[in-house]
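The values are calculated or read from the model by the stated rules, or taken from the named source; none is laboratory data. Note that this is a predicted model, so its numbers are computed, not measured. When we count neighbours, we look across all protein chains shown, and the Cβ atoms used for this are built from the backbone with ideal geometry, even at glycine. The protein model used for the area step is the full one, side chains on, heavy atoms only, and it has no ligands, DNA or RNA in it. Shrake-Rupley method; radii C 1.70, N 1.55, O 1.52, S 1.80 Å.
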Amino acid sequence: MQRPPPEDFALKETKPHLGGGRISGDKLTSTYDLVEQMQYLYVRVVKAKDLPAKDVTGSCDPYVEVRLGNYKGATRHFEKKSNPEWNQVFAFSKDRIQASVLEVIVKDKDVVKDDFMGRVSFDLNEIPKRVPPDSPLAPQWYRLEDRKGDKVRGELMLAVWMGTQADEAFPEAWHSDAATVSGADSLSNIRSKVYLSPKLWYLRVNVIEAQDLQPSDKGRYPEVFVKAILGNQALRTRISPSRSINPMWNEDLMFVASEPFEEPLILSVEDRVAPNKDEVLGRCAIPLQYVTRRYDHKPVNTSWHNLEKHVIVEGEKKKEIKFASRIHMRICLEGGYHVLDESTHYSSDLRPTAKPLWKSSIGVLEVGILNAQGLMPMKTKDGRGTTDAYCVAKYGQKWVRTRTIIDSFTPRWNEQYTWEVFDPCTVITIGVFDNCHLHGGDKAGGARDARIGKVRIRLSTLETDRVYTHSYPLLVLHPNGVKKMGEIHMAVRFTCSSLLNMMHMYSQPLLPKMHYIHPLTVSQLDSLRHQATQIVSMRLSRAEPPLRKEVVEYMLDVGSHMWSMRRSKANFFRIMNVLGGVIAVGKWFDQICTWKNPITTVLIHILFIILVMYPELILPTIFLYLFLIGVWYYRWRPRHPPHMDTRLSHADSAHPDELDEEFDTFPTSRPSDIVRMRYDRLRSIAGRIQTVVGDLATQGERLQSLLSWRDPRATSLFVLFCLIAAIVLYVTPFQVVALLAGFYVLRHPRFRHKLPSVPLNFFRRLPARTDCML
């Protein structure tokens, strides 16, 4: 029996206080009904006017400081401006408020000491409450006061209210939780944001032929090929078999392109003049904005493109257009495919690129990211461990990023997000990361946001209109083994708009029809998926705040295709688990045949006789049996979403060397003796697989040799047997033959002997092609 795991890796059901508990009928009144309400004090500093001059130049450099107890936030300052406009929002968590008075102070920025210009004070008990969908509170003008409470020159426009995280000012607000973060770049790195993946297209370039090429060496047959470059992607055709100045290829090259189409497709026709030397015979650039977009399998029109060639005239490089040299191609942007940027096992979107081909949505997915518990320290600051955690969720083209909670092992986000659902057989991925780009982390030299863990939830495993509230373990595989990095607490609800439409989806192809009409090869899909993930990660890393490359690659499972001994073992045992049912039925049937339980065997005899006499009952009996099994198992149906299973993944029993191999770079960076040992281990495993494959091939070749006359005596016996069997079966009713065969198989052990049967002996004596193997 397997020993229990060392840590609690189980899923836990929870009962959080969602939506503040205010229920109206069947629906919570708050739009944020899947999260716990968090109260905030909001201060919107809009602008000021008529501020007094403080400098000798007769002007001032004003900024506003918002102070509440020990918390202090400040706006940016303006130079030499008496009527500044800031329009900044500050949010103070009500749970951490220890003061009774809010102070909003206007100051003049100075080199030595900032000058006090005036202030506005608010009693917290007098501040109004606002609950969306109420309109935003209108800001008002307040006269500035000095420290004694007397009115001074200048006015400040403010809005102050108590609200929740559902307020539209929440995402852009300065938070008191982040009071220790300094710098505009660092502040932008902690805000919550919604991102959209770039719209991706497959670009098909069908290179047909070229005409009137002009190689420099006229006395040899040119070895011509076409090289195509799009951004960082480069592909080439084979060398034309015609070997002439009018070569033909008729070859497809596939690329991934993203909107907006910034880079053109560069095509060059080249001649292989030496083993490592290619001569460019002509080049052309094709802007993708003007390329035909194809939504179905109908071929697009071909077109001829003139080739340009750079020539050196009087020592200067000039561009000469060779109108005689041109290339014939068919280029189109494929809108009927879905561009795979995720692993096919965890796809969150299966729609084609072209929006006119999209079907209507079948429902809505809502996810409330509540909090995390027991996070591990991810970095060291001031001599102690700390974690600045944020979450990223990805479903379809929409990515969301929660705000970063500074220096907390139990962060509370309580943020809710919504996605449209077009297919129930899709997966949402939620990852937790440590923000390493605060306090000047970017300048520290290549800081990377550390992964804390991720959760995947398949929508088809959820019941509709039910709120799932669970605490999911965050498991990460390290070179020294699997480690629980904490738990993330979430509420998930999948709402179906039409049950009929959703049931209809189960009869539809998983991918758009172009994947089946003109399928791409496995190697093409692997290459195109790699290019798509590179484009998505590069585009999202240029957003503000950036969703960094390491985060996007972890969410998209970029390295999941690499060899892993642990994953191979896990997949082998998954296959054995699937075959376990067949093996169990085989063992049960063997017990029936050997009369281990005589009563059961007699009942099987009776059932067998009934089915032989009334064969029209066979299929109804099978389907009724399956129906009864399904109804019986309904009592024990899973009530929780699936989660990461360390036993299934063999993560808790992996050998340290296997994990070290899994985390090795590609190509390897390990010493030669370790690589040699791993290579020998791989050879021994491959040798066993080779033996199994060879045995399967042997059995198949023996079947083929029954009629091949490779062994004339065996084939003669088999042919004679077939003739006799045909005559006997023709004159004997089928029910009689079936009954005799069944009674023979189910005969009592007294009529059996331990030696192999005659048909098996005959089959094992048949020849295979192993004799011809070197």
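Regarding region 192-276, what whole-number volume in Å³ per residue does the convex hull of its Cα atoms give?
Dividing the Cα hull volume of region 192-276 by its residue count gives 116 Å³.
Alpha carbons only, please: Rg and Dmax for region 198-332, in angstrom.
When restricted to Cα atoms, region 198-332 yields Rg and Dmax of 15.5, 51 Å.
Roughly how tilted is helix 672-704, in degrees to the nearest 10 and between 0 and 90, from the longest Cα axis of the chain?
Roughly 40 degrees, rounded to the nearest 10.
Ignoring ligands, DNA and RNA, what percent of the accessible area of region 105-148 is carbon or sulfur (1.4 Å)?
Percent of accessible area from carbon and sulfur atoms in region 105-148: 48.
Can you tell me, using C-alpha contacts under 8 Å and at least 6 residues apart, the relative contact order of the chain as a whole percent?
10
Which value, in Å², gives the accessible area per residue of the chain when a 1.4 Å probe is used on the protein heavy atoms?
About 57 Å² of surface per residue is accessible.
How much FRET efficiency would the formula 1/(1 + (r/R0)^6) give for His518 and Asp150, where r is the Cβ-Cβ distance and R0 is 51 Å, rounded to 0.05?
The calculated FRET efficiency here is 0.05.
If you fit an axis through the alpha-carbon atoms of helix 598-613 and take the longest principal axis of the Cα set of the chain, what angle between them do you get, 0 to 90°, nearest 10?
That helix lies at roughly 80 degrees to the long axis.
Hey, what angle do you get for helix 522-541 against the long axis of the chain, alpha-carbon based, 0 to 90 degrees rounded to 10?
Its long axis makes an angle of about 10 degrees.
Write down the Kirkwood hydrodynamic radius of region 497-574, to one decimal in angstroms, obtained as one divided by the mean of 1/r over all alpha carbon pairs.
Every distinct Cα pair counted, the radius reaches 16.1 Å.
Hey, got the Cα dimensions of region 355-554 along the principal axes, in Å, largest first?
60, 40, 35
What FRET efficiency would be calculated for the residue pair Val112, Met562, taking the C-beta separation as r and a Förster radius of 41 Å, to the nearest 0.05?
Efficiency, rounded to the nearest 0.05: 0.10.
Ser343 versus Leu611, label points 7 Å from Cα toward the beta carbon: distance in nm?
Placing both labels 7 Å along Cα→Cβ, they lie 3.9 nm apart.
Label points 7 Å out from Cα along the Cβ direction at Ser684 and Val578: separation in nm?
2.8
Please express the Cα-Cα pair-distance distribution P(r) of region 710-757 as a list of whole percents, one per 10 Å bin, running from 0 to the bin with the greatest distance.
Percent of pairs per bin, in order: 21, 32, 38, 10.
Per-residue ellipticity at 222 nm for the chain, helices alone: DSSP H runs ≥ 4 residues times -39500 (n - 2.57), over residue total, nearest 500 deg cm²/dmol?
Taken over the chain, the calculation gives -7500 deg cm²/dmol.
What are the extents of the Cα atoms of region 478-524 along their three principal axes, listed from largest to smallest and rounded to whole Å?
Per principal axis, max minus min of the Cα coordinates gives 46, 38, 11 Å.
Given a cut-off of 22 Å, what percent of all Cα-Cα pairs of region 440-572 lie beyond it?
63
Simple spin-label model, 7 Å along Cα-to-Cβ: Arg238 to Lys80 in nm?
So the label points at Arg238 and Lys80 sit 7.3 nm apart.
Looking only at region 758-773, which residues have a backbone nitrogen under 18 Å from a spot 7 Å from the Cα of Thr732 in the C-beta direction?
Answer for region 758-773: 758-760.
Return an integer: the convex hull volume of the alpha-carbon atoms of region 43-106, in Å³ per residue.
81
Which entry in (i) 223; (ii) 164; (iii) 308 is this structure's computed volume of the Cα convex hull per residue in Å³?
(iii)
Once you've got the Cα coordinates, tell me which of Lys454/Lys483; Lys379/Lys569; Lys15/Lys193; Lys94/Lys381 are over 22 Å apart.
Cα-Cα > 22 Å for Lys379/Lys569; Lys15/Lys193; Lys94/Lys381; rest within.
Placing +1 at every Lys and Arg Cβ and -1 at every Asp and Glu Cβ, with all other atoms neutral, what dipole size does the chain have around its Cα centre, in debye to the nearest 20?
2100
Would you kindly state how much longer the chain becomes between Asn480 and Ile622 on full extension, computed as 0.36 nm times their sequence separation minus their alpha carbon distance, in nm to one decimal?
Additional length available on full extension: 46.2 nm.
Do any trypsin sites (Lys or Arg not before Pro) in region 559-607 lie in a loop, going by DSSP, with at most 15 other beta-carbon atoms within 10 Å of their beta carbon, and if so which?
Taking region 559-607 and a limit of 15 other Cβ atoms within 10 Å, the loop trypsin sites (Lys or Arg not before Pro) found are Lys596.
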